[in-house]
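These notes concern the structure reproduced below.
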Amino acid sequence: MDTTVINRLGLPNLGLGVGLRSKHYSHLMQNDPVVDWFEIISENYMNNFGYGRHVLNHIASIRPIVMHGVSMSVGSTDPLNLDYLKQLKQLADFVNPVWISDHLCWTGVANINTHDLLPLPLTIESLHHVASRVNQIQDILQRPLILENPSTYLEFESSTLQEWEFLSELVNKTGCGLLLDVNNVFVSGFNHGFDPEFYIRNIPHQSVVQIHVAGPTDCDTYLLDTHDQPVPTQVWKLYQLAQELTGGVSTLLEWDANIPEYPELVAEVQKAKEVLKGHLPNVPVYRTSADAVSNPVNHQMQATHE
Amino acid sequence: MSELTTLQKWLTSIIVRPGMLDDKIRLADEHYQVKNDKVIRPSLRLSPAQKIEIYSKGYILRLLECMEAEYPALNKLLGQNLFHKFVKAYLVQLPPNSPDLYNLGEAFPAFLKASQPQTYNSDEGVLMYDLPVNLAMFERCIAEVSRIEGLESRAEEGAGNEMPYLFNTTTIYTSPCLKLLTLQFPLVDFIQHVYNDLEPEVPFKQDSFICICRKNYRVNFHELEVWQWHFLNALQNKTNYMAAVIDTANACKVATDTIMADLILWLPVAIGLGYVYLK
């Protein structure tokens, strides 16, 4: 594992990692994790004192952990949820994560949480609003926040900035880091008609701390971020470009529905090594006419019972 | 209200409201003085309404999956169509407001109860209305017990003394992750069958005293004898063991000595299952 500290807010390249999911708890308690590091969904372990936290405690003792949230709602116009941030910090004190990330999005307003990653109008108003909140959050967490570009399915007419411009300005204003989800760039690029490569070439590479790869679904007229398939060739190609431009950052495979057995999951993330050698897997984007779910979250709900 | 606030309230109202998409968009447009086709950028492939629909459809599908994961036995009993109808109505009445998905289904048993007719007498009515509520209460307790603080972080105490409770009952406490339920149906077998992917049999009405607990991170649930249930319930609420024994004897209308004699035999089982522990 290469843990050489490079210029990514001083954060290390952790190598290849996967998400810690309850389906693999039993396997991971009895076997070597194989991968270099794990990402957890923060909300799944806040106020959770059951088996999940026990497994997390074990994994954290043998591998680096990164906390990835889905409910910080950094773009919401509701007041910051200070109780949530307090619980997040408590979890961070327990886990000692290498960094904490969430999304450039809002999850709801008027005290409603849709549990979705909703898009912002990319305006100067939004930029000031988000930058102010990121600064407050960073003060509370006492560490830089790492923000991920979400998959989006609509754009606002009022947007005056491209997403890569918005993220660059946000980095300048707050010193936050970026979690570049190349699958989300691919999905949003298809949905909104921009060139994903141009997007990746125009973000501030020195601030990219982590990369996500995942498999989306082709719903004919749009792509959906389903995290339920192998990573397609197009996403690996963007990954290759991103690693070249960033100089090498931590890589995480997201797989949140139709989750395979652990060895298959590991094999999928290990493909990244071949990609970096120039060998791109030939994998088409999965197509379906059935209803698919973006940002699946039900993997967080499994109990352990006799 | 800033433009950003207006847009967020407008889109949220469309996503979480029930009804046909076009109606929801029209109502939100009117309420927030927004024109959807002026706000959302169209594309060659999709209209603004179709783009909004991706989010409104995803919201329901995503939360339905979560509720299916928390209430698998209820889903089995009702069938997916009816289960989804109740969940959709629940989400309309109580849209999620917590970052924690485990809070999503918290009020579902109470919602189901409130959805029932005020009065019904027939056995068929009891089966139709009370059984789903009982099952929802049971599954919610299982979800809660799986996550609340338990005894796992506590060092084993009293080890080496085989039956210390025979001599010092002041050290006996109920587990912090013990939950007790009284139900109108015996549902342990039904839930076990669903969890094991077996076809469950719908039970007949019969009072059932349930204990749900967690030990070594595994959730267990069992049907108790009435006196056992009363004892655990009393021990949860009373200050000491003897007060719980007296309470149990009064509730079950048996002699205190009888309860104490039964406890000598049963306490090792209760300790083994993690219902009680020795401090």
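Read-outs throughout are calculated quantities, based only on the coordinates presented, and are distinct from any laboratory measurement. None of the values given here were measured: they were computed from a predicted structure. We place every Cβ from the backbone using ideal geometry, glycine too, and count neighbours over all the protein chains shown.
The table for this structure:
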quantity: Sole exception among (1) touching a Leu at 6+ places or on another chain (Cβ under 8 Å); (2) over 20 Å from A:Ser158 (Cβ atoms); (3) within 7 Å of another protein chain (Cβ to nearest Cβ) for B:Arg17, by number; calculated: (3)
quantity: Residue match in region A:249-261 (condition: aromatic (Phe, Trp, Tyr) and part of a helix (DSSP H, G or I)); calculated: no
quantity: Test: A:Pro216 is surrounded by fewer than 24 Cβ atoms within 10 Å (Cβ to Cβ) and within 24 Å of A:Leu16 (Cβ to Cβ); calculated: no
quantity: Residue within region B:75-93 that is within 7 Å of chain A (Cβ to nearest Cβ), within 31 Å of the chain's Cα centre (by Cα) and more than 30 Å from A:Gln87 (Cβ to Cβ) present; calculated: no
quantity: Test: residue in region A:9-20 that is within 14 Å of another protein chain (Cβ to nearest Cβ) and crowded, with 21+ Cβ neighbours inside 10 Å; calculated: no
quantity: Residue in region A:80-88 that is at the interface with another protein chain (Cβ under 8 Å from one of its Cβ atoms), in contact with a Phe, Trp or Tyr (Cβ under 9 Å, 6 or more places away or on another chain) and either among the polar types (S, T, N, Q) or outside any helix (DSSP H, G or I) (or both) present; calculated: no
quantity: Residue that is nearest to A:His212 (Cα to Cα) [pool: residues in region A:126-184 that are β-branched (Val, Ile, Thr) and crowded, with 17+ Cβ neighbours inside 10 Å]; calculated: A:Val182
quantity: Among (1) crowded, with 18+ Cβ neighbours inside 10 Å; (2) closer than 22 Å to B:Ala73 by Cα; (3) touching a strand residue (DSSP E or B) at 6+ places or on another chain (Cβ under 6 Å), the one test that B:Pro203 misses; calculated: (3)
quantity: Members of region A:27-53 found to be without any contact (Cβ under 8 Å) to a residue 12 or more places away in the chain, of a type outside the set (S, T, N, Q) and surrounded by fewer than 19 Cβ atoms within 10 Å (Cβ to Cβ), listed by number; calculated: A:Asp32
quantity: Set A:Gln162, A:Gln234, A:Gln210: member being touching a strand residue (DSSP E or B) at 6+ places or on another chain (Cβ under 8 Å) and of a type in the set (S, T, N, Q); calculated: A:Gln210
quantity: Test for B:Arg41: is it at the interface with chain A (Cβ under 8 Å from one of its Cβ atoms), surrounded by fewer than 20 Cβ atoms within 10 Å (Cβ to Cβ) and farther than 30 Å from A:Asp78 by Cα; calculated: no
quantity: Conditions (1) within 14 Å of the chain's Cα centre (by Cα); (2) under 30 Å from A:Ile41 (Cβ atoms); (3) more than 7 Å from every other protein chain (Cβ to nearest Cβ); (4) in a helix (DSSP H, G or I); number of the one not met by B:Gly105; calculated: (4)
quantity: Criterion violated by A:Phe94 - all others in (1) within 14 Å of chain B (Cβ to nearest Cβ); (2) farther than 14 Å from B:Pro99 by Cα; (3) surrounded by 16 or more Cβ atoms within 10 Å (Cβ to Cβ); (4) hydrophobic (A, V, I, L, M, F, W, C) satisfied; calculated: (3)
quantity: Scope region A:28-60; condition within 14 Å of another protein chain (Cβ to nearest Cβ), assigned to a loop (DSSP other than H, G, I, E, B) and of a type in the set (S, T, N, Q); matching residues; calculated: A:Asn47, A:Asn48
